[in-house]
Amino acid sequence: MLFCKPLRNKSRFKPFRIIDGSFTFNEYEKAALVSKKDWSQVVTSHDLFLDLDYLSIIEKATNVSLKCRYVIIYKDHHPCAVMYFQLTDFRADVFGELLEGEVQQVQSKRLKLFEKYIHTRNENEVLMRLLTCGNNLISGEYGYKKNDLITDDLFYKVFCTLIKTMASEDNLRGKISAILVKDFYRAVPQIDNSESFKGNAFSVEPNMFAEIPAGVTDLEGYIQMFSKKYRNSAKGILKNRSSFEIRELTLDDIVKFNDDIYQLYLNIFDRAKFKLLQLPTTYFIDTKRIFNEKFFVRAIFYQGKIVAFSSGFFMHNRTVEAHYIGLNYKVNEELELYQNILYDFIEQAIGRNFVTVNLGRTAAEIKTTIGAKAHDLICYLQAQNTISKLIVKPFIEFLKPKHWTPRNPFKEADQINSASNN
């Protein structure tokens, strides 16, 4: 069993703290302080969401108190893995709507201890401190990376040990707190059976991936592979394009229209039941400036104004990674902007001869109507005390997948149905 003694002062940031005889680690509070040379021996240029320049943007996320932790793990003083943490303090106004129902359903003296936080006069008080291994702004396995210097089994033992250490050192125990490890595309037996980290596994909304069929050269060809019902639906949605213009924005454009873009983003953020983290106001500018050709922002102009936008990344594995979008909801009802954005992501992939579009989480059923399929995601969560368990219960229920009906727009769906009816 690996062991690392927790430290509760600045000595926790001293270099090469011992995990056991072979493994040590360094911890940093800011991306700017991390050894780029050592980090880059694990994180390559392809690991965009673990890029230190990108993570430095996340440090400016607003609406909650956010602290980041960066860990480099060494085997015999050679970098073999990295871990990324977010320490987030959630105020009552962020969490309150989820807890209202819990207060009404659960009548206990313990619950009344934090019932006060839901009222307006206490909305700025911290209700929950969450330590996340991973990135709360992005879906996917972006909390760690290892290289060939460490085996999977050894890495996950170190991984679980350091999660426990980080939680202890940030003085979580005794507070209303929890530890979240996200997002895995499969269960990890080494975590399930860990003696260090006692997290409970649960599923969250799946990532939605659309595969571009071989031989497809344009969006029309993609839609021609749909069955008649979905093909007609797609044509009706795309017909709205005659009413607006879709334009890719340069860095100068993003700077010019940043206020409009950010407000459209807030339109969606403000409707969220649970407001996890709010992007920095300069997020799209900073990201475009850092990644340039890898990052795109596309805007929909209607009657001379931006009424929607989409953003995404061109990934090394020939995948378009859909990122944040924004909408004018009133115009969306009239012109089906959201569905047009989804098809635009598909078109971006086809135009670059890419093979996959990661459309992210949420609105799963709508995304399946354009050909996306679900890839399950698993998280692990450990509540730190009894009150924490009451707090995180609605949090977990919110994260769990809601019932939805998958669709298959492609022609083979008709063939399968026909065969089953004969």
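The values are calculated or read from the model by the stated rules, or taken from the named source; none is laboratory data. No experiment lies behind these values; they were computed from the predicted model shown. All Cβ positions, glycine included, derive from the backbone under ideal geometry; neighbour counts span all protein chains shown. Accessible surface areas use protein heavy atoms only, side chains included; no ligands, DNA or RNA. Shrake-Rupley method; radii C 1.70, N 1.55, O 1.52, S 1.80 Å.
Screening A32 against (1) modelled with pLDDT under 95; (2) over 19 Å from K145 (Cβ atoms) leaves a single unmet condition, (1). I300: outside any helix (DSSP H, G or I) and either over 19 Å from R289 (Cα atoms) or open to solvent by 20 Å² or more (accessible area, probe 1.4 Å) (or both), yes or no? Judged against the criteria, I300 is a match. Where helices (runs of 4 or more DSSP H) fall wholly inside the stretch 166-281, the ranges with 3 or more residues that are modelled with pLDDT of 95 or more are 219-224, 228-239, 251-256, 258-269. So for the stretch 234-257 (the condition being open to solvent by 10 Å² or more (accessible area, probe 1.4 Å), aromatic (F, W, Y), touching a Lys or Arg at 6+ places or on another chain (Cβ under 9 Å) and in contact (Cβ under 8 Å) with a residue 12 or more places away in the chain), does at least one residue qualify? No, every residue in the stretch 234-257 fails to be open to solvent by 10 Å² or more (accessible area, probe 1.4 Å), aromatic (F, W, Y), touching a Lys or Arg at 6+ places or on another chain (Cβ under 9 Å) and in contact (Cβ under 8 Å) with a residue 12 or more places away in the chain. Residue count for the stretch 338-360 under the criterion of being without any contact (Cβ under 8 Å) to a residue 60 or more places away in the chain, touching a Phe, Trp or Tyr at 6+ places or on another chain (Cβ under 8 Å) and either part of a helix (DSSP H, G or I) or crowded, with 21+ Cβ neighbours inside 10 Å (or both): the result is 1. Name every residue in the stretch 364-392 that is open to solvent by 60 Å² or more (accessible area, probe 1.4 Å) and either over 20 Å from the mean Cα position of the chain (by Cα) or closer than 24 Å to Q190 by Cβ (or both), in order of residue number. Within the stretch 364-392, H375, D376, T386, K389 meet the criteria.
Going through the stretch 27-57 one residue at a time, which ones are out of contact with any Phe, Trp or Tyr (no Cβ under 9 Å at 6 or more places or on another chain) and either farther than 25 Å from E169 by Cα or in contact (Cβ under 8 Å) with a residue 40 or more places away in the chain (or both)?
Residues of the stretch 27-57 that are out of contact with any Phe, Trp or Tyr (no Cβ under 9 Å at 6 or more places or on another chain), as a first pass: 32, 36-37, 40-46, 56.
Answer for the stretch 27-57, where residues must be out of contact with any Phe, Trp or Tyr (no Cβ under 9 Å at 6 or more places or on another chain) and either farther than 25 Å from E169 by Cα or in contact (Cβ under 8 Å) with a residue 40 or more places away in the chain (or both): K37, S40, Q41, V42, V43, T44, S45, H46.
Mind counting the residues in the stretch 394-405 that are surrounded by 13 or more Cβ atoms within 10 Å (Cβ to Cβ) and modelled with pLDDT of 75 or more? Summing the residues that are surrounded by 13 or more Cβ atoms within 10 Å (Cβ to Cβ) and modelled with pLDDT of 75 or more in the stretch 394-405 gives 5. Where residues in the stretch 15-30 are closer than 26 Å to S139 by Cβ and not in a loop (DSSP other than H, G, I, E, B), which of them is most open to solvent (accessible area, probe 1.4 Å)? That would be Y28. Determine whether I290 is open to solvent by 30 Å² or more (accessible area, probe 1.4 Å), of a type in the set (A, V, I, L, M) and touching a residue at least 12 places away in the same chain (Cβ under 8 Å). When the stated conditions are applied, I290 passes them.
Quick one: which residue in I325, I285, I268 is hydrophobic (A, V, I, L, M, F, W, C), crowded, with 17+ Cβ neighbours inside 10 Å and in contact with a strand residue (DSSP E or B) (Cβ under 9 Å, 6 or more places away or on another chain)? Exactly one of I325, I285, I268 is hydrophobic (A, V, I, L, M, F, W, C), crowded, with 17+ Cβ neighbours inside 10 Å and in contact with a strand residue (DSSP E or B) (Cβ under 9 Å, 6 or more places away or on another chain), namely I325.
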